[in-house]
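Notes to accompany the following structure.
All of the numbers you see were taken from the coordinates with simple rules; none came from a lab. Here the structure is a predicted model, which is why all the values come from computation and not from measurement. Quick reminder, even Gly has a Cβ in these numbers, built from the backbone with ideal geometry, and neighbours come from all protein chains shown.
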Amino acid sequence: MERVVKKFVDSKARELILAVDDFTKDQEVRNILAHESFGTNQIRRLVELAEQAACIEELEEFIKYKETKHDGWEKTVNNNSIAQLLLEQIKNIKKMARESGIQEQDRLTRKLVARFCGYLYWKVSSF
């Protein structure tokens, strides 16, 4: 089953990269993500958590928690916090995983989110 998950995640690389491009197209989002109060360390932590979490809800709760800490996650763009925007991306990724037909939904979703966050890390590192 691991091969099936990996193959599916690999097949979605372009779509995930485009999702990162879309997520970061707004200059306000780019400014928040590149700011030292947010920065690449926060995104790298998301990658690690997505890979280690017992379930995707654990990662979602972490993002909600970080939003309350006032260290960049609460900053808003068009009335949505960065945390809310990231949770929306996870929602889209969950849908992608559901549509795959692969039974290990949570594991697949975590792998897809980890890949998305990895691409986001690369993107923010280039700002």
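With respect to residue 98, determine if the residue is touching a Phe, Trp or Tyr at 6+ places or on another chain (Cβ under 9 Å), without any contact (Cβ under 8 Å) to a residue 60 or more places away in the chain and of a type in the set (Lys, Arg). Here the answer is no, as residue 98 does not meet what is asked.
Do we have residue 50 as in contact with a Cys (Cβ under 8 Å, 6 or more places away or on another chain), among the aliphatic types (A, V, I, L, M) and either surrounded by 14 or more Cβ atoms within 10 Å (Cβ to Cβ) or within 17 Å of residue 15 (Cα to Cα) (or both) here? It is true that residue 50 is in contact with a Cys (Cβ under 8 Å, 6 or more places away or on another chain), among the aliphatic types (A, V, I, L, M) and either surrounded by 14 or more Cβ atoms within 10 Å (Cβ to Cβ) or within 17 Å of residue 15 (Cα to Cα) (or both).
Scan the stretch 10-23 for residues that are surrounded by fewer than 18 Cβ atoms within 10 Å (Cβ to Cβ) and in contact with a helix residue (DSSP H, G or I) (Cβ under 8 Å, 6 or more places away or on another chain) and report the count. So the answer is 4. Note on the stretch 24-39: residues that are surrounded by 11 or more Cβ atoms within 10 Å (Cβ to Cβ), under 17 Å from residue 71 (Cβ atoms) and not β-branched (Val, Ile, Thr) amount to 7. Residue 73 meets the conditions (1) free of Cβ contacts under 8 Å to residues at least 60 places away in the same chain; (2) out of contact with any strand residue (DSSP E or B) (no Cβ under 7 Å at 6 or more places or on another chain) in every case but one. The failed one is (2).
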